[in-house]
Amino acid sequence: FSFSWQTTFQDGGEEVEDGAVYNVTLKKVQIQQAANKGARWLGGEGDQLPPEHTVRQYETSKIRAIKAGTLEKLVENLLTAFGDADFSYISIFLATYRAFASPRAVLELLLDRFGNLETSSHGEVANLNSLESEMVLRAEIASVLRAWLDQCSEDFREPPDHMCLLKLLEYLKNNMPNSDMESRVQNLLKQFQNQEVEAVDGFCSTSSTDLVDGEELEISNPEEFFSFQDHIVAEQLTYMDVMLFRRVVPYHCLGSIWSQRDKKENKNLAPTVRATITQFNAVTKCVISTVLGTRELKIQQRAKIIEKWIHIAHECRILKNFSSLRAIISALQSNSIYRLKTTWMCVSKDILLMYEELSEIFSDHDNYLTSRELLMKEATSKFANLDSSEKENQKKSQKRLQLQKNKGVMQGTVPYLGTFLTDLIMLDTALQDYVEGGLINFEKRRREFEVIAQIKLLQSSCNSYCLIPDQKFIQWFRRQRHLTEEESYKLSREAEAAADTNILSPKSQKSMVKRISTLFLGTDVFTPPKEQPLKSSPVGGSSGESTDSASVSSCEFNHSETEDVCVTPVSSPEDPLKKSSVGSDKGYDSDKGSVSSDKGSSSSKGSVFEAGSGSDSSSIPPRDSGSVPGSAPRALPVYNRQSEGSCIIRVSMDGLHASVYKSILITNQDRIPDVTQRALLKHNLEPDAVEDYELVQVISEDKELVFPRDANVFYGMNSHVNFDFILRKKA
């Protein structure tokens, strides 16, 4: 017989049980069957039958995917998901459950309620009277535990007691004595007990606190910096990025977890994410300090340093290291460096064009579509897919790429983590944690897992890197003293003021200005900013983690919320033709997701880590084919656009920088007291103080829209400007 299959899916609606709601999809498989031996007698050529002699059979199966449920039902579903053909459920649950439950709560339900064969008579699992049923249940629990240890062993790290591991070990000794899993848990317990508890900054291999005794922070010596070859610098930055990115615990990136980091009791929350942010900011600050740190540099010398960093950024692109690439580009776009007009005039044309192409990778157009597509394209490729519109750059790129291929060394991909943090925070803001009946919204977790799965895929790809640390460079990198935003801006003004404006002839100078203006205006990444007076930053400026900011020069992950997940390229002022707001230069903001830069600059909303990113499209990636068939994606609320009676606004506190904001989901039913209360909660203020505050929308630098007490925010707001609001204490 010969067979062929054709599969179709049909929405089967919902099934409601006590404590759970399921999405049902009907999978219909059409099977064509032909008797090969008799084909020729029936007029078929070879093994082919005429259509009228083809036998068609249909098989229909039901796929049940839990949509919402109580914690008990979600844990029970771990044991029944395979039977319901929801094959990805266990991975989704394990990657996201920390948003609504603790490891101890899940383990106790799994072992005490469903794993205790003597007392399990609650009816959650079918008939357990027979030995066969007991064996099946034990096998199902073992399968879940094995997946848990494989995918999320860090969940069991609870120093100093490790109570969950001890509880699991006791269960295995009683129910699966002398099994491989029992040995594995014992080894894991010993491993945790033998390891020192790592400090929050222990994850970051580039901390200045790691200096050898006797070493001090110093401003970079240009000669020492130039002693490192461009590809060596890129490789070492990639080495450090890879080490940190591979250690990122995916659930640390969940919006509901990352957004809580600014609370005092959560200062040690998500250390693996904080470490990547610290490294990103260290790279950005290193760029700024090498360019501005030495006052005695001549214009041409400073231009050579900028050119070297552009070459290093290009090498990072060849290595598929989008994190350091973004950090370098953001630093060069910071106001303190961008404003060095005379210096930029001395940068060669070819290198400026290379810089332009690298900058376009992170264009905020269509929600960073270019960088998203490129990241996914290269996630599983062995080498970078380089393409340049300039022949000279194309030749250089292909030559360097060929060297990589000749070595036979495959490359992984290091992403800019801010993109994922932004998406996860926007998802957390747009989707409710609970649905009607107080059930946990597991559809939200499925959407989050689509982002988490991408992070895991990229982490796996990083195993392909084969990089050796260069201690000389790493020590040099750690020794660099990072300039504060105020210092870098002051040095920038001094350097520009001291520049000999007659260095170029009037004709060539005019030509260079025109070329640079065309170059910068031609890209979405940044446009020439209007110079602003330097203001003091409300949040940590020089180094370390800022409290709630998003900048490049003091690049740190912010302690704010959804928005803290943005890295906004620093000096990108508002384009009057685009509906985007102006941020500030700060650092790699964790909540805002932005990489801001120097303080005195304005920053574009289109930064990688910025939630919403000032684009007109949703910052939530569409559901991919990995979703449960039949469940069509629905439009989600987005920033700067009212859609289907809802939208997302950004609310900052009066007196703090505008980049320190919280994303708030509002609907057409919300009035001022409701929105004010949610904003206070997000900013960790007393929600009962609603009457003490007023909510205003920022229309322009000198105009605000003040709302009456009971106004409907959705209908009362100005939808033709940015959805940026300020919460201000009443006079």
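The values are calculated or read from the model by the stated rules, or taken from the named source; none is laboratory data. Everything numeric in this text was worked out from a predicted model, so none of it was measured. Note: ideal-geometry Cβ built from the backbone for every residue, glycine included; neighbour counts use all protein chains shown. When the accessible area is computed, the model is the full protein with side chains, heavy atoms only, and any ligands, DNA or RNA have been set aside. Shrake-Rupley method; radii C 1.70, N 1.55, O 1.52, S 1.80 Å.
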Cβ pairs under 8 Å, 6+ apart, first in region 160-184 and at negative phi, second of a type in the set (S, T, N, Q): LEU169/GLN186; LEU172/SER179
Flag for LEU421 being open to solvent by less than 10 Å² (accessible area, probe 1.4 Å), at pLDDT 70 or above and out of contact with any strand residue (DSSP E or B) (no Cβ under 7 Å at 6 or more places or on another chain): no
Number of the condition not met by SER363 [criteria: (1) at pLDDT 90 or above; (2) out of contact with any strand residue (DSSP E or B) (no Cβ under 9 Å at 6 or more places or on another chain)]: (1)
Helices (runs of 4 or more DSSP H) enclosed by region 283-384 - at least 2 residues per element that are open to solvent by 10 Å² or more (accessible area, probe 1.4 Å), among the aliphatic types (A, V, I, L, M) and touching a residue at least 40 places away in the same chain (Cβ under 8 Å): 349-360, 369-378
Subset of region 470-490 (residues that are farther than 18 Å from GLU224 by Cβ and either surrounded by fewer than 21 Cβ atoms within 10 Å (Cβ to Cβ) or at pLDDT 95 or above (or both)): THR484, GLU486, LYS490
Top-ranked residue of region 248-282 - restricted to ones that are open to solvent by less than 10 Å² (accessible area, probe 1.4 Å) and assigned to a loop (DSSP other than H, G, I, E, B), ranked as nearest to PHE100 (Cα to Cα): LEU254
All strands (runs of 3 or more DSSP E) inside region 634-731 with 3 or more residues being open to solvent by less than 10 Å² (accessible area, probe 1.4 Å) and in contact (Cβ under 8 Å) with a residue 60 or more places away in the chain: 646-653, 661-667
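The rows are residues; the columns are (1) touching a strand residue (DSSP E or B) at 6+ places or on another chain (Cβ under 6 Å); (2) within 25 Å of ARG64 (Cβ to Cβ); (3) assigned to a helix (DSSP H, G or I).
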position	(1), (2), (3)
LYS444	no, yes, yes
GLU450	no, yes, yes
ALA453	no, yes, yes
GLN459	no, no, yes
ASN463	no, no, yes
ILE468	no, no, no
LYS472	no, no, yes
TRP476	no, no, yes
Failed criterion for GLN432 (all others in (1) among the polar types (S, T, N, Q); (2) part of a helix (DSSP H, G or I); (3) more than 24 Å from CYS286 (Cβ to Cβ) hold): (2)
